[in-house]
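Here is the structure we will look at, set down as structure tokens.
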Amino acid sequence: MDALLERLRAGLPAEALITDPDVTPSYAHDMASFCDAGTPAVVVLPRSVEEVQHVMRTATALRVPVVPQGARTGLSGAANASDGCIVLSLVKMDRILEISPVDRIAVVEPGVVNATLSRAVGELGLYYPPDPSSWEMCTIGGNIGTASGGLCCVKYGVTAEYVLGLEVVLADGRLLNTGRRTAKGVAGYDLTRLFVGSEGSLGIVVKAVLALRPRPPRQLVLAAEFPSAAAACDAVCRIMERGHTPSLLELMDRTTVRAVNAMASMGLPESTEALLLCAFDTPDPAADLAAVGELCKASGATEVVPADDVAESELLLQARRSALPALETVKSATMIDDVCVPRSRLGAMIEGTAAIAEKFGLTIGVCAHAGDGNTHPVVCFDHTDPDESRRARASFDEIMALGLELGGTITGEHGVGVLKKEWLARELGEVGLELQRGIKSAFDPLGLLNPGKLF
Ligand SMILES: Cc1cc2nc3c(=O)[nH]c(=O)nc-3n(C[C@H](O)[C@H](O)[C@H](O)COP(=O)(O)OP(=O)(O)OC[C@H]3O[C@@H](n4cnc5c(N)ncnc54)[C@H](O)[C@@H]3O)c2cc1C
């Protein structure tokens, strides 16, 4: 420990190091429940690429594990500390280095908060689409680490679609440049894409070149009430089948709607079994919403209410963004699943989840990025009751099994981390897992980067 601190201090200013044992444990966890975390030896908050390189050289020389962190809003334990590790928090590297309207790119440090970037490019008439509901807190480095999605993915895609190039400090301190800042480029293997979603296991992202789009018109939202989740899923299929391109297509079940009302008095319709929110940012959103409204009615919607204006639309979006925090208030604990299925199987996924809730005698609220087939079943339970906790874990696992059975994936956007590492092997298969392990050891032969995550 003394040798580690001495070597770190040799290349870092005093304020970049936190060693106080009363403070370092506060960096142990991200926001996932029930994921093991160790106690860090030290927390480092670098401000430059050179400082990150110094940390990684030190870690390699002394064989100390390193856990990169952004804002720790992750929901899979992927940023959790391991015992005796260096927590490398990138939040102080938070400069937007360049915004180029001609090249339609932004160059940023990893600690830039998603919403800060979105607002900065917005002022220039540009748009950075990936918008996790945690966008006011989470960082671009974390978004890249987990390949984050968000509400707009049904039209604009996920973080991976917007990362053009990266600067990465490798485990031994070398600096790697991947990708490009050009509109096209196919030179060599796509290492940039490999880093997206790698959960801090391959290198430390210290700079990112991100693609921007022209800012679309403000979106208008429609809310449709359904007598069952199956009817709402039927509407989702009709909307996509008819070739519509909504900028948002989200579903909240009855439990979620009630939880949001209870937490934030949003005035959502409590009698509904499922509420579908659909938005368009097209030149004539009202016309698109009218067409979608008819499709919702054909699927059995009992009420279809287009928002009158942008302000009312924003309220509905706020309601959707508060779904996860609201479900967290239903019981003393939650386990948030993140299963993504082909859109055509969304109804089967949601009905199957309801059957799992009944089987285990639990409350499981579902909110979903319905247009992506990405469901977030939230298992709500009393963590002081051992039997209920056991049933919660079992139901969480059955939800993932159901997702795989329906041709889906165990995680659409939250990542594997600690929470789902037992399940990764099932999804990848033996050959896939072996190759992924080989890739990990090519980048990190000593296994120092974020150990215990993914595999
Ligand atoms: C209320 C709430 C709503 C959410 N909504 C969404 C949503 O809609 N969509 C979604 O996808 N997620 C969502 N999340 C999950 C979370 O916000 C995202 O996963 C986010 O991308 C994490 O960013 P972060 O800065 O907090 O990263 P962290 O949690 O700190 O880290 C995430 C991963 O990235 C790695 N990492 C961080 N920085 C770097 C770096 N510079 N170099 C290498 N690796 C790095 C970490 O090691 C870890 O593996 C939500 C979370 C909450 C609490």
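The values are calculated or read from the model by the stated rules, or taken from the named source; none is laboratory data. Since the model is a prediction, treat every value here as computed from it, not as a measurement. Heads up, the Cβs are rebuilt from the backbone with ideal geometry, glycines too, and the neighbour counts pull from every protein chain shown.
Structure notes:
- Consider segment 125-172 and keep the residues that are in a loop (DSSP other than H, G, I, E, B) and touching a Leu at 6+ places or on another chain (Cβ under 7 Å). The one that is nearest to K184 (Cα to Cα) is Y128.
- Test for S148: is it within 8 Å of the ligand (Cβ to nearest atom), of a type in the set (S, T, N, Q) and surrounded by fewer than 24 Cβ atoms within 10 Å (Cβ to Cβ): no
- Those residues of segment 56-73 which are part of a loop (DSSP other than H, G, I, E, B) and either within 12 Å of the ligand (Cβ to nearest atom) or modelled with pLDDT under 95 (or both), in sequence order: P65, G70, A71, R72, T73
- Here the helices (runs of 4 or more DSSP H) wholly within segment 290-383 that include at least 1 residues being more than 30 Å from F34 (Cα to Cα) are 310-321.
- Test: residue in segment 157-177 that is touching a Phe, Trp or Tyr at 6+ places or on another chain (Cβ under 8 Å), of a type in the set (G, A, S), closer than 21 Å to P246 by Cβ and at pLDDT 95 or above: no
- Residue count for segment 21-55, restricted to those that are farther than 19 Å from L454 by Cβ, of a type in the set (A, V, I, L, M) and within 13 Å of the ligand (Cβ to nearest atom): 6
- Out of L404, L424, L419, one residue alone is under 27 Å from N143 (Cα atoms), of a type outside the set (D, E, K, R) and free of Cβ contacts under 8 Å to residues at least 24 places away in the same chain. It is L404.
- Unmet requirement for A208, which otherwise passes all of (1) within 8 Å of the ligand (Cβ to nearest atom); (2) surrounded by 24 or more Cβ atoms within 10 Å (Cβ to Cβ): (1)
- Residue within segment 307-330 that is in contact (Cβ under 8 Å) with a residue 60 or more places away in the chain, within 16 Å of the ligand (Cβ to nearest atom), in contact with a helix residue (DSSP H, G or I) (Cβ under 6 Å, 6 or more places away or on another chain) and among the hydroxyl-bearing types (S, T, Y) present: yes
- For R393, the stated conditions hold: it is of a type in the set (K, R), in contact (Cβ under 8 Å) with a residue 40 or more places away in the chain and away from the ligand (no atom under 13 Å from the Cβ).
- Among the residues of segment 422-455, those that are touching a strand residue (DSSP E or B) at 6+ places or on another chain (Cβ under 7 Å) and within 15 Å of the ligand (Cβ to nearest atom) comprise L448, L449, N450.
- Subset of segment 329-363 (residues that are surrounded by 19 or more Cβ atoms within 10 Å (Cβ to Cβ), of a type outside the set (A, V, I, L, M, F, W, C) and touching a strand residue (DSSP E or B) at 6+ places or on another chain (Cβ under 6 Å)): T334, D337, D338, T353
- Selection from segment 422-455 of residues that are aliphatic (A, V, I, L, M) and either under 24 Å from the mean Cα position of the chain (by Cα) or surrounded by 18 or more Cβ atoms within 10 Å (Cβ to Cβ) (or both): L424, A425, L428, L433, I439, L448, L449, L454
- When each of P269, P306, P325 is tested for being modelled with pLDDT under 95 and buried (at least 18 other Cβ atoms within 10 Å of the Cβ), the lone residue that passes is P306.
- Identification of strands (runs of 3 or more DSSP E) wholly contained in segment 195-287 with 2 or more residues that are under 16 Å from L346 (Cα atoms) yields 248-253, 274-280.
- Of residues in segment 89-106 being among the hydrophobic types (A, V, I, L, M, F, W, C) and either away from the ligand (no atom under 15 Å from the Cβ) or surrounded by fewer than 17 Cβ atoms within 10 Å (Cβ to Cβ) (or both), the one farthest from P68 (Cα to Cα): V102
- In the condition set (1) more than 16 Å from A274 (Cβ to Cβ); (2) within 13 Å of the ligand (Cβ to nearest atom), V379 is compliant with all but (2).
- All of (1) out of contact with any His (no Cβ under 9 Å at 6 or more places or on another chain); (2) within 15 Å of the ligand (Cβ to nearest atom) hold for P216 with one exception: (2).
- Checking V168 against (1) more than 22 Å from L202 (Cβ to Cβ); (2) near the ligand (Cβ under 8 Å from one of its atoms), the condition it does not meet: (1)
- Here is the figure for segment 118-145: residues that are more than 9 Å from the ligand (Cβ to nearest atom) and surrounded by 24 or more Cβ atoms within 10 Å (Cβ to Cβ) total 1.
- Exactly one residue out of R193, R174, R180 is under 18 Å from Q53 (Cα atoms), surrounded by fewer than 24 Cβ atoms within 10 Å (Cβ to Cβ) and away from the ligand (no atom under 12 Å from the Cβ): that is R174.
- Residues that are touching a helix residue (DSSP H, G or I) at 6+ places or on another chain (Cβ under 8 Å) and of a type in the set (G, A, S), drawn from segment 216-246: A223, A224, A229, A230, A232, A235
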